[in-house]
Every structure is written in structure tokens, then in C-alpha cells.
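A.B. asks: Can you read through this structure? Questions will come right after.
The values are calculated or read from the model by the stated rules, or taken from the named source; none is laboratory data. Note that the structure is a prediction, hence the values are computed from the model and not measured. Every residue, glycine among them, receives a Cβ derived from its backbone with ideal geometry; neighbour counts consider all protein chains shown. These accessible areas exclude ligands, DNA and RNA; they are computed on the full protein's heavy atoms, side chains included. Shrake-Rupley method; radii C 1.70, N 1.55, O 1.52, S 1.80 Å.
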Amino acid sequence: MKTEIPTIPTPDDAVLWHDERLYLADQRLLPERAEFLPLDQAPAVADAIRAMVVRGAPAIGVAAAYGVVLAARAAHAAAGAGWKAAIEPDLERLADSRPTAVNLFWAIRRMRTRIEELDRSDPTSALLSEARSIHDEDRAANRRIGELGAELIEGPTDIMTHCNAGALATGGYGTALGVVRSAFAAGKVRRVFADETRPWMQGSRLTAWELMQDGIPVTLQADGAAASLMATGTVGWVIVGSDRIAGNGDVANKIGTYGLAVLAKFHGIKFMVAAPTSTLDMQIASGAEIPIEERDPDELLGCGGRRLAPTDCVARNPVFDVTPAALVDAIVTERGVVRNPTPEKMRGLLAATGEMNGL
Ligand code: MRU
């Protein structure tokens, strides 16, 4: 039977379960081509996460949850009642795909909890329903983050953002760009300045594309142009997403975020981190414990498929950095806002609902 590959109607549908397969909008090709990559095996999902077909912490978590569904289906087909043992290599491979975004491990842990509750019969539909819940809850969390974040902004103002924390990076709507979307709808955003985000260019490839699709005024700038724009006084907030937030409010995000936070402090500009509580890692006390992914130096040594640096040039390519909590004005989650984060305030955010992600 031939399966028809769906088209990508909006950035909101970048991760899609359709006709018993997972479809990922291939973010390596955007904005030139909007194409889905169909996947029906968990190892292929792990490879797609590693290769940045799907990227952005919450989207990685959602994709991995669907990957667990594919793993369970294959394990049951191969081992019948013994599927719980047979699934393990695929779960490990998924968990091994990228190290920094904690949403990946959060999603796999949540799927494991559901696995423990199941009997030895075919787990596919029960796990699919759990993966769909993770996806739906992330979309809903982003809407709420958007509302709460927008309330903090006194507009109209210019916003600066880094990397892509939009619909493409999440289950839909976006975290940092969710705040931008809500604030723009409320008339509080004049223009978004998007850093191009060397070396992978998430700002040029993805953020500019997403915002232009929504008719939100966006200007792309070189990463090195941030300070000079801040000095003009038009930017009210820097708004970014996060890959992992430690128990004291230290924030891991795309390389360059830390520098922006230092610059924002110097210029008296507010710094907001928008992230769902699935990005909190309360098991670690500070950002010093966050594993920072180092990717292939080749990503840095050239651009657009053309080698720029001299042959044998040595390069370092850490793709995340840690912004100390002291530089963060507000962490906005779906459960509430933490201003000037401290360990006590971070614990308080989750304690209010009786949940301590990971504790
Ligand atoms: O390497 P990437 O593209 O996966 O990095 C993504 C980021 O750093 C995002 O800002 C972060 O994951 C938040 S996405 C809502």
C-alpha cells in the first residue's frame, strides 16, 4: 500500500504522526524546501534527532516519544510478550541522540513510566496515546507561556531573539516565539531582531521563515550586531528558549545566549527565558552540571557547503552555553513566572503543584 506523504501546511505541524508513521519536517532543508521525512523505525528517529532533521528541546522530546512508539511496535513484532526487554536498545539509542536538551530524557522517562504500567500484550496504541498527550500538552504549555510572557512586556517595543525557539522547535506555537506571537497580537511588538545564530543558522533558516509566515516584522542580523542594536535603545526584551534549566535557574541555551545576557544587563535590557517545565532539571544544582554538546567542527569551518577556513585549521564547536541565573530577569513556564530566579523560587514553582520534575 502506498502511503501519501503529507505536505507541511504551517510550522506548527513540523512533527506529525500520520498513517502509523512519524513525519518530521526536515529542518535542514528549510526554508528552501518544506518537506517531510517519513520515519517508521526508532533508530531512524534517533539518527534524525542527531542530524538536526528535528531540533529544539521540546520538539526533540516529542519526536523521541513517537520514536518510543515505533520502538515498541517493532519490539512486539519481533519478541511478542517479551517486548519490554526487546525495546531497550532502541530506548538507549534514542537517549543517546543529543546530550543537552533535557526534554529528550524527560519524554523517554515519561514513556518508560507508561511502559511499566502495561502488560505483555501489544503496547502500540497505549504508547501512541501517551506520545500524543506529550505533544498536545506541549502545545498547550506554549500557549500559556505565550500569555504569561506577553503580560510582562510593556509595548510597543523591539524584541531580540537568538536561535529558533518557535513552533518548529516545539510541539507547536513556540516558547520564545510563542511569547512574541502573543505579544504581537496584543500590539506590544514593533519588530523582532533575529540573530542569524552561527554556525547552524537557526535564526536565518527558521526564525525568519516562521515569523514571516505569520506576518510579524522581523529583521535578521549577524550575531555580532547584537551589541550595537542594544545601544540604540529600541530593544525592550531579549527573549530566548532553553534546552535545560538547572535547579538554581541557570539556563542552557544555544551558544551565544550567555553573551546576549551579559550585553542585555549592560544596556539595561530585560532578559526573558521561555520554557515549559519539561525543560527544568531539578536534579542538578547549577548549570555547571549541564552537559554541553560539542558538534563536528566542520559545521563551523565552512558555510553553505563551502569551506572557508584554511585546511587543517583547528576549531571548537560547543553548541550551547550556560547563562547564570543572576542575568535572567524572568523564567516563564506554563505553571507561572519566576522573576530573578533562585533555588528557592525554582523549587516553589513546582512545589505549588506537588511536582518536582526529577526530584
Ligand atoms: O541545536 P538546536 O537547534 O536544537 O538548539 C535549539 C535551542 O537552543 C533552542 O533555543 C532551545 O532548544 C529552545 S527551543 C523551544
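A.B. asks: Based on this model, can you work out whether residue 194 counts as open to solvent by 30 Å² or more (accessible area, probe 1.4 Å), more than 10 Å from the ligand (Cβ to nearest atom), in contact with a Gly (Cβ under 9 Å, 6 or more places away or on another chain) and not basic (Lys, Arg)?
C.D. replies: No; evaluated as a whole, the condition is false for this residue.
A.B. asks: Another question, then. Are there any pairs, at least 6 apart or on different chains, whose C-beta atoms fall under 9 Å, with the first in region 293-318 and of a type in the set (S, T, N, Q) and the second assigned to a helix (DSSP H, G or I) and open to solvent by less than 40 Å² (accessible area, probe 1.4 Å), and if so, which?
C.D. replies: 317/301
A.B. asks: Of the residues 48, 64, 85, which single one is surrounded by fewer than 21 Cβ atoms within 10 Å (Cβ to Cβ), small (Gly, Ala, Ser) and in a helix (DSSP H, G or I)?
C.D. replies: 85
A.B. asks: On to the next question. Which residue out of 214, 243 is open to solvent by less than 30 Å² (accessible area, probe 1.4 Å) and among the charged types (D, E, K, R)?
C.D. replies: After applying the criteria, what remains is 243.
A.B. asks: On the given criteria, is residue 133 open to solvent by 10 Å² or more (accessible area, probe 1.4 Å) and either modelled with pLDDT of 95 or more or in a helix (DSSP H, G or I) (or both)?
C.D. replies: In short, yes.
A.B. asks: Let me ask something additional. Run residue 77 past the list (1) within 16 Å of the ligand (Cβ to nearest atom); (2) surrounded by fewer than 22 Cβ atoms within 10 Å (Cβ to Cβ) and report the number of the one that doesn't hold.
C.D. replies: (1)
A.B. asks: Additional query: If residue 99 meets every condition in (1) open to solvent by 10 Å² or more (accessible area, probe 1.4 Å); (2) in a helix (DSSP H, G or I); (3) within 16 Å of the ligand (Cβ to nearest atom) apart from one, which number is that one?
C.D. replies: Evaluating residue 99 over (1) open to solvent by 10 Å² or more (accessible area, probe 1.4 Å); (2) in a helix (DSSP H, G or I); (3) within 16 Å of the ligand (Cβ to nearest atom) leaves (2) as the failure.
A.B. asks: Please go through region 27-45 and give me each residue that is more than 21 Å from residue 253 (Cβ to Cβ) and either in a helix (DSSP H, G or I) or within 16 Å of the chain's Cα centre (by Cα) (or both), ordered by number.
C.D. replies: If the condition is that a residue be more than 21 Å from residue 253 (Cβ to Cβ) and either in a helix (DSSP H, G or I) or within 16 Å of the chain's Cα centre (by Cα) (or both), then 42, 43, 44, 45 are the ones that fit.
A.B. asks: Restricting to region 176-207, what's the tally of residues that are part of a helix (DSSP H, G or I), within 22 Å of residue 29 (Cα to Cα) and touching a residue at least 24 places away in the same chain (Cβ under 8 Å)?
C.D. replies: 6
A.B. asks: State the number of residues belonging to region 1-45 that are surrounded by 16 or more Cβ atoms within 10 Å (Cβ to Cβ), polar (S, T, N, Q) and more than 15 Å from residue 62 (Cβ to Cβ).
C.D. replies: Count: 1.
A.B. asks: Further question on the same structure: Taking the conditions exactly as written (among the aromatic types (Phe, Trp, Tyr) and over 25 Å from residue 98 (Cβ atoms)), does residue 266 satisfy them or not?
C.D. replies: Here the answer is yes, as residue 266 does meet what is asked.
A.B. asks: Now, a different point. Scan region 237-251 for residues that are closer than 14 Å to residue 153 by Cβ and more than 15 Å from the ligand (Cβ to nearest atom) and jot them down.
C.D. replies: Scanning region 237-251 gives a single hit, 237.
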